[in-house]
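Asks: Here's a structure for you.
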Amino acid sequence: MTKNSSLRTHYRTCNLCEAMCGIEIKVRGDEVLSIRGDENDPFSQGHICPKATALQDIYNDPDRLKHPVRRTENGWEEISWQTAFNEVETNLKAIQAKYGNHAVGIYLGNPNVHNLGSILFGSSFIRSLRTKNRFSATSVDQLPHHFAAYFMFGHQLLLPIPDIDRTHFMLMFGANPLQSNGSLMTAPGVEKRLKAIQARGGKVVVIDPRQTRTAKLADQHLFIKPSMDALLMLAMVYTLFDENLVNMGKLESFTDGVAQVQSAVADFAPEDLAETIGIEAEMIRQVTRDFAQAESAVCYGRMGVSTQEFGGLCHWLINTINILTGNLDSLGGAMFTLPAVDIVDITTKTRQVGSYGRWQSRVSGRPEFSGELPVSILGEELLTEGDGQLRAMVTVAGNPILSTPNGQQLDEGFANLEFMVAVDIYINETTRHANIILPPTTGLETEHYDISFHALAVRNTTKFSEILFEPESDTMTDWEILRELRLRMEKGTKREGSRDYFTRFSPSRLIDLAIRYGPYGNRGMKPVSGEGIKLKDLRDNPHGIDLGALVPVLPQRLVTQGKRIQLAPEIILNDISRVHQHLQDSQMAQANGYDLQLIGRRHIRSNNSWMHNSERLVRGKNRCTVMMHPDDAESHGFADGQAVCVRSQVGQVEIPVEITDTIMRGVVSIPHGWGHNRTGVKLSVAQEYAGVSLNDLTDDKRLDVLTGNAAFSGVPVAIEAL
Ligand SMILES: Nc1nc2c(c(=O)[nH]1)N[C@H]1C(S)=C(S)[C@@H](COP(=O)(O)OP(=O)(O)OC[C@H]3O[C@@H](n4cnc5c(=O)[nH]c(N)nc54)[C@H](O)[C@@H]3O)O[C@H]1N2
Ligand SMILES: Nc1nc2c(c(=O)[nH]1)N[C@H]1C(S)=C(S)[C@@H](COP(=O)(O)OP(=O)(O)OC[C@H]3O[C@@H](n4cnc5c(=O)[nH]c(N)nc54)[C@H](O)[C@@H]3O)O[C@H]1N2
Ligand code: SF4
Ligand SMILES: [Mo]
């Protein structure tokens with residue numbers, strides 16, 4: 001724990017993505033000698049990806065902030081924590097006094113979920129702001145999963161996870177785990193796990209507009225036009241009923257709404273839709289049969305079917321396909337986890353199961369989901385003048401200007417603020433607008449427990465990571481910063497001086513309590529063995545503890561009334577009518593001169609927008625290109641590598657063409673998270689490899705009307721030579 005010059009070996013979990021790989025770090029003093037996969041981690045068994053090595057780059061990064069800074073006319077100046085907190089408190093309170101509480105908004109980015117302190121201490125800080133203008137990366141990501149889970153299973157966190165290690169058939173929509181390392185499916189070493197399906201005689205089928213690395217590994221890859229998945233899945237559900245393939249097993253006795261679903265899909269015969277979807281009717285029927293007749297099967301979908309105009313429908317349909325074929329909560333199907341820190345149970349007891357429509361956004365009347373508004377509307381809330389307009393923003397570990405739709409509009413909106421504070425480690429595209437930045441300690445300087453990802457993992461395991469490097473003096477952790485902000489915002493309100501878990505305990509103490517009261521603890525409901533697990537056991541087992549394969553938990557774990565699955569929530573069935581309208585709209589876009597459809601992509605050496613300051617991750621061939629099919633390149637007269645202008649309804653970017661037949665005709669792809677060339681950014685390496693931002697093209701008005709999630713997939717674009 002302390003700095004010394006002896007050689008030592010440290011074990012922890014990499015917290016950069018969802019895979020939770022165990023790593024072994026050899027250090028001398030505060031110098032990292034090597035970072036390798038931890039062979040003794042019972043879950044990841046030695047797997048890592050190139051990003052793990054970059055943990056040391058974040059630790060050593062000279063651009064990383066360690067002390068609070070204030071933006072002045074002469075640039076950034078370092079200030080004391082005391083001054084920084086005083087200024088934040090005074091300004092946020094003054095703005096709320098002048099314009100009302102909702103004039104302060106907050107955006108939470110993705111690393112909060114990968115950060116023990118933020119995940120625990122974020123909520124009480126958010127509450128202390130008493131604002132309805134709460135946003136997060138959830139609505140550019142997995143919101144449709146929560147939406148479907150809330151309406152079908154009664155709890156937004158009851159997310160079915162593919163039992164990848166036992167399944168015989170994996171049908172994957174819009175996911176590329178070979179680059180992303182898996183999402184809402186924590187499965188370190190996912191490539192091996194997929195190959196193991198094939199080795200035991202099973203099959204992997206991928207549906208994607210691009211032949212990704214995952215699609216290449218699959219037994220079968222079907223190209224699909226962007227945003228046609230809901231139609232395909234409706235046709236599959238139609239086929240299940242049409243060919244008598246419905247076989248729900250034990251689920252039948254506690255599922256409501258099967259007949260309603262059958263009539264809701266009656267118009268969706270594969271034969272009528274094949275041309276629109278781009279997949280032959282007999283193929284749709286065959287895949288459906290293969291799925292239904294497999295010994296076990298799981299349908300899984302991720303970003304490609306979440307961040308599209310029918311994200312909500314897609315995730316309802318995915319659950320529906322699993323349920324109708326008896327593949328929910330059964331071995332080799334989609335299963336629920338039973339994590340040592342049982343967030344479903346804890347949040348059920350605190351009645352945080354989810355919510356919908358308790359308030360609407362000011363400008364376009366979008367409903368909240370679980371206390372948040374869709375981030376796609378942040379721009380209009382910032383820029384539309386009038387009562388209730390946002391005047392101040394708080395961002396915590398987020399970079400919405402690169403990560404959410406219509407980045408140029410947001411850039412303008414953030415520049416327009418009267419005050420902004422960011423809890424962040426960098427001066428990047430978003431935080432450069434802040435008046436004050438409060439930088440936390442991060443990565444190797446923090447203790448870690450994956451509250452979220454153990455709950456989304458394909459196996460029940462538990463692991464605690466100790467601090468590796470003592471942070472420099474006069475630094476603060478995320479949770480200390482968030483707690484201080486909360487206490488200051490509560491001063492002078494009726495909550496002042498209130499005491500709860502988050503004013504009294506540290507993160508590790510909270511984890512200890514949660515584990516003791518959890519399913520494997522001695523004071524929980526069902527002690528597994530005499531003593532039960534506590535934090536000390538985790539500290540004594542730095543590689544982690546295996547708690548076994550996923551087990552069936554239904555109907556007990558359902559949070560719906562009467563513990564019944566709701567297969568046909570009215571709000572979701574009503575959304576089906578929108579599918580037909582969409583087909584007309586896409587024809588209109590074509591007629592308006594946008595002849596191509598834009599999708600995104602991920603690369604193993606990127607991590608959203610914030611890891612491009614690691615030289616070892618960005619060097620080499622330029623990855624920020626627009627991929628295009630050879631036929632489209634030819635009809636446009638483009639050569640490989642040629643710089644072109646990509647234009648959408650909201651913006652344009654200049655970018656080189658990469659010609660490849662791995663992408664469908666009519667579809668083009670640009671990765672997100674680039675565009676570090678905005679003035680004022682202080683990321684010296686990233687600026688050298690700036691690229692352009694995909695989200696300068698994505699449209700804030702294009703969203704999944706049902707859930708409010710951004711629709712990144714299939715943005716109509718036109719491409720011209722420069
Ligand atoms: N077009 C398009 N857009 C997308 C996507 C896409 O596929 N296509 N993907 C979307 C998805 S899935 C996501 S999750 C979002 C991500 O969207 P965001 O979360 O808004 O963006 P990130 O790039 O993850 O930014 C993370 C920020 O956290 C900071 N940070 C890193 N570690 C810490 C820490 O320990 N503490 C604190 N306080 N700050 C830290 C970084 O400096 C950075 O500013 O992007 C979305 N945007
Ligand atoms: N290396 C790396 N790893 C990451 C991240 C990263 O930025 N870099 N980000 C992390 C985060 S925050 C997340 S949320 C996860 C995301 O994890 P994944 O969802 O596995 O990652 P993506 O690469 O976005 O996969 C989406 C796939 O959907 C396809 N697609 C696009 N549009 C459509 C469509 O309309 N229909 C269908 N069927 N497919 C479509 C795309 O071609 C792409 O292959 O990855 C995490 N891991
Ligand atoms: S796959 Fe994810 S968790 Fe594993 S080493 Fe790479 S970034 Fe870290
Ligand atoms: Mo994400």
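Asks: In the structure displayed, which of 26/66; 349/563; 225/621; 463/536; 93/491; 51/203 lie more than 18 Å apart, Cα to Cα?
Replies: Check vs 18 Å cut-off fails for 26/66; 225/621; 51/203.
Asks: Once every Cα of segment 160-335 carries one equal point scatterer and solvent is ignored, give the base-10 log of I(q)/I(0) from the Debye formula at q = 0.08, 0.10, 0.16 Å⁻¹, two decimals.
Replies: Calculated log10 I(q)/I(0) at the listed q: -0.21, -0.33, -0.90.
Asks: Something else about it: Report the far tail of the P(r) of segment 36-119, meaning the percent of Cα-Cα pairs longer than 17 Å.
Replies: 74 percent
Asks: Then there's this: For the chain, build the charge dipole from Cβ charges (+1 Lys, Arg; -1 Asp, Glu) around the Cα centre, then report which of 230, 95, 189 sits farthest towards its positive end.
Replies: Ranked along the dipole, the leading option is 95.
Asks: Scale the Cα Rg of the chain by the rule-of-thumb value 2.2 N^0.38 Å and send over the ratio, two decimals.
Replies: 0.92
Asks: Treating only the Cβ atoms of Lys and Arg (+1) and Asp and Glu (-1) as charged, compute the dipole magnitude of segment 481-594 about its Cα centre; round to the nearest 20 debye.
Replies: 700 debye
Asks: Ranked highest first by average number of other Cβ atoms within 10 Å, how do 345-355, 48-58, 540-550 line up?
Replies: Highest mean packing first, the order is 48-58, 540-550, 345-355.
Asks: Run the dipole for the chain about the Cα centre, Lys and Arg Cβ at +1, Asp and Glu Cβ at -1, nothing else charged, and hand back the magnitude in debye, nearest 20.
Replies: Charge dipole, the chain, about its Cα centre: 2140 debye, nearest 20.
Asks: Answer with one residue from 126, 608, 382: the one whose Cα lies farthest towards the positive end of the charge dipole of the chain, charges on Cβ with Lys, Arg +1 and Asp, Glu -1.
Replies: It is 126, whose Cα lies furthest towards the positive end.
Asks: Would you calculate, for the chain, the mean residue ellipticity at 222 nm contributed by helices, counting each DSSP H stretch of 4 or more residues as -39,500 (n - 2.57) and dividing by all residues, to the nearest 500?
Replies: Estimated from H runs of four or more residues: -8500 deg cm²/dmol.
Asks: How high is the FRET efficiency from residue 165 to residue 635, r the C-beta distance, R0 45 Å, rounded to 0.05?
Replies: Step by step, r from the Cβ atoms, then E = 0.50.
Asks: Rounded to a whole number of µm²/s, how large is the Stokes-Einstein D of segment 576-721 at 20 °C and 1.002 mPa s, given Rh as the Kirkwood radius over C-alpha pairs?
Replies: Roughly 132 µm²/s, to the nearest whole number.
Asks: Another question, then. Given labels modelled 7 Å from the Cα in the Cβ direction, how far is it in nm from residue 387 to residue 722?
Replies: 5.0 nm
Asks: If you don't mind, another one. D for segment 109-262, whole µm²/s, Stokes-Einstein with Kirkwood Rh over alpha-carbon pairs at 10 °C and 1.306 mPa s: what number?
Replies: 86 µm²/s
Asks: What distance in nm separates the two pseudo spin-label positions at residue 416 and residue 213, each 7 Å out from Cα along the beta-carbon direction?
Replies: In this crude spin-label approximation the distance works out to 4.1 nm.
Asks: Then there's this: If we count other beta carbons within 10 Å of each Cβ, what is the order of 501, 520, fewest first?
Replies: Fewest to most other Cβ atoms nearby, the residues stand as 501, 520.
Asks: Which value in Å does the Kirkwood hydrodynamic radius of segment 544-626 take, with 1/r averaged over all unlike C-alpha pairs and then inverted?
Replies: 19.4 Å
Asks: Sticking with this structure for a sec: Computed FRET efficiency, Cβ-Cβ of residue 504 and residue 195, R0 51 Å: what is it to the nearest 0.05?
Replies: Taking R0 as 51 Å, the efficiency between residue 504 and residue 195 is 0.60.
Asks: Dipole size in debye (nearest 20) for segment 549-604 around its Cα centre, Lys and Arg Cβ +1, Asp and Glu Cβ -1?
Replies: That gives a dipole near 440 debye.
Asks: Taking R0 as 51 Å, what's the FRET efficiency between residue 363 and residue 263 from their Cβ-Cβ distance, rounded to 0.05?
Replies: E(calc), rounded to 0.05, equals 0.85.
Asks: Kirkwood hydrodynamic radius of segment 309-380 from all distinct Cα pairs, in Å?
Replies: Taking the inverse mean of 1/r over all distinct Cα pairs, segment 309-380 comes out at 15.2 Å.
Asks: Next up: What length, rounded to one decimal in nm, is gained on full extension from residue 660 through to residue 356, with 0.36 nm per residue of separation minus their alpha-carbon distance?
Replies: Contour length minus the Cα-Cα distance gives 105.2 nm.
Asks: Tell me the Kirkwood radius of segment 350-509: reciprocal of the mean inverse pair distance over distinct alpha-carbon atoms, in Å.
Replies: 18.5 Å
Asks: What nm distance separates the two modelled labels at residue 493 and residue 94, each placed 7 Å from Cα along Cα→Cβ?
Replies: 2.0 nm
Asks: In nm, what is the difference between 0.36 nm times the number of residues separating residue 553 and residue 331 and their Cα-Cα distance?
Replies: Using 0.36 nm per residue and subtracting the Cα-Cα distance, I get 78.8 nm.
Values quoted throughout were computed directly from the atomic coordinates according to the rules given, and no laboratory measurement underlies them. None of these values were measured; they are calculated from a predicted model. No Cβ is skipped: glycine too gets one built from the backbone with ideal geometry, and neighbour counts run over all protein chains shown.
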